[in-house]
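What follows is a set of notes on a single structure, which appears directly below.
The values are calculated or read from the model by the stated rules, or taken from the named source; none is laboratory data. If you're wondering where the values come from, they're calculated on a predicted model, not measured in any experiment. Using ideal geometry, Cβ is built from the backbone for each residue, glycine included, and neighbour counts are taken over all protein chains shown.
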Amino acid sequence: MIVTVQGTRKGLNHANELLAALSVMGYALEQKKTLILQFTNKTDDSVENLLIGKKLRNESLITDTSIPDVSIGMDPLVAKTSGYDDKTFSQTTKALVLTKKTNLFDVAYISRKESFEEELMSKEVDLAKKGEQAGVIENLLQGADSVYDIVYVLVPSDNRNLAKTLLSFADVSIVCVKQGHAENYIKAEDSTAKEIIVAGDFDFGSSYNSKVMAKIYGVSTIFGLIHNVGFKDACIDGVVLNWINAQRQCGKTDPSYDLIHNIELLYNTVVGNKGKKKADVDLDELPKLERENEFIRTWEPANYDVVCVVKKTGLFKKKTDETITLVPVINSNDSSREPEDVK
């Protein structure tokens, strides 16, 4: 399964953070072989820096950073044009977990080139001129798909040609948007991929709740990467992998519950559950799936009604006291947040 993850062209999204958190679920919940590929130019906000950045910095203390390891990552992968097998990925990717099972959870380091995207597209054009039936992107993704259960592909949000090429291979397309007004994003032409919209850094206090966002984008369900200070700190420190693993068993009263719970809901929607294949998961049928299987649940933040109690006295009923009370109102269809969760 190939799952593309993209942000919006404005860049004010959390696609990298979403991918880092979501990718952990495959191996952690179901031991699914997972690979992360990043088709973007060099940046410090790479997925590996979010997941294991602290470990990489500690490793650099005992290695000569002036001689980077160019044998692993996106650069050596796209240097090939064919022959992508399990041995290739074992040699050119970083294993994120220690296990006897090969290719369980791997990441291809982001390119060290500022012009990676342009060079890759130029290579695609050259191969086409030479009469090659498939370019490096198609061969790479098909090879990865044959080795791994889930291949996450980070799509550049400001390179339309490369983005459309990558999206054409997607089984599931995840779009990370801001919580607020609708944003434009790149879509593949004639794509059959399931499209999922995720609001990054979702805040329950915003008037742009899940129902409003769903109406804005014309979908039945909007997922959320819930705002969480602990997760933010983990991204900054580069310990997302350890943080997600430590928080996965948290209870409903834990501050991290909403974030972890909704990431798991998103994961189940992406891969399906209880024997259902990805093609059977239709976002328009989510309410039906919820009733039948109870593995996909929509969520709705608690709204608050304001009750104003005003005491008046005197001949002209001058206001002397005013009390504002916030009363939580829980949507009857909301099964992801119980009343006792609301503080």
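When you go through Val240, Val229, Val212, Val198 one by one, which is the residue that is in the same structural domain as Asp45 (by TED's automatic domain parsing), among the hydrophobic types (A, V, I, L, M, F, W, C) and touching a strand residue (DSSP E or B) at 6+ places or on another chain (Cβ under 7 Å)?
Details: Val240 fails: touching a strand residue (DSSP E or B) at 6+ places or on another chain (Cβ under 7 Å); Val229 fails: touching a strand residue (DSSP E or B) at 6+ places or on another chain (Cβ under 7 Å); Val212 fails: touching a strand residue (DSSP E or B) at 6+ places or on another chain (Cβ under 7 Å).
It is Val198.
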- Residue pairs meeting the criteria (Cβ under 6 Å; at least 6 apart or on separate chains; first assigned by TED's automatic domain parsing to the domain that holds Gln6, in the range 167-185; second at pLDDT 90 or above and aromatic (Phe, Trp, Tyr)): Val175/Tyr185; Gln179/Phe202; Gln179/Tyr208; Gly180/Tyr208
- All but one of (1) over 18 Å from the mean Cα position of the chain (by Cα); (2) buried (at least 20 other Cβ atoms within 10 Å of the Cβ); (3) of a type in the set (A, V, I, L, M); (4) part of a loop (DSSP other than H, G, I, E, B) hold for Ala170; which doesn't? (1)
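Among residues belonging to the range 148-164 that are surrounded by 20 or more Cβ atoms within 10 Å (Cβ to Cβ) and outside any strand (DSSP E or B), point out the one that is modelled with the lowest pLDDT. Steps first, please.
Taking the range 148-164 and keeping what is surrounded by 20 or more Cβ atoms within 10 Å (Cβ to Cβ), we get 148, 150-157, 159, 162-163.
From what is left, the residues that are outside any strand (DSSP E or B) are 148, 156-157, 159, 162-163.
Numbers: Tyr148: 97, Pro156: 93, Ser157: 88, Asn159: 91, Leu162: 94, Ala163: 94.
Here the answer is Ser157.
Hey, could you check the range 82-137 for residues that are in a helix (DSSP H, G or I) and of a type in the set (Gly, Ala, Ser) and say which is nearest to the chain's Cα centre (by Cα)? Spell out how you get there, then give the answer.
If we filter the range 82-137 for residues that are in a helix (DSSP H, G or I), which is where we start, we get 86-92, 116-129, 136-137.
Cutting the leftovers down to of a type in the set (Gly, Ala, Ser) gives us 90, 122, 128.
Details: Ser90: 24, Ser122: 28, Ala128: 32 Å.
Filtering the range 82-137 for residues that are in a helix (DSSP H, G or I) and of a type in the set (Gly, Ala, Ser), the one nearest to the chain's Cα centre (by Cα) comes out as Ser90.
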- Message: Suppose the filter is without any contact (Cβ under 8 Å) to a residue 24 or more places away in the chain and within 30 Å of Ser207 (Cβ to Cβ); does Lys130 pass it?
- Response: no
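Table: residues versus (1) of a type in the set (A, V, I, L, M, F, W, C); (2) assigned to a helix (DSSP H, G or I).
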| site | (1), (2) |
| --- | --- |
| Val3 | yes, no |
| Arg9 | no, no |
| Asn16 | no, yes |
| Ala21 | yes, yes |
| Met25 | yes, yes |
| Lys32 | no, no |
| Leu35 | yes, no |
| Lys42 | no, no |
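Table: residues versus (1) under 22 Å from Val270 (Cα atoms); (2) touching a Leu at 6+ places or on another chain (Cβ under 6 Å); (3) at pLDDT 90 or above.
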site	(1), (2), (3)
Ile36	yes, no, yes
Pro68	no, no, no
Tyr109	no, no, yes
Glu118	no, no, yes
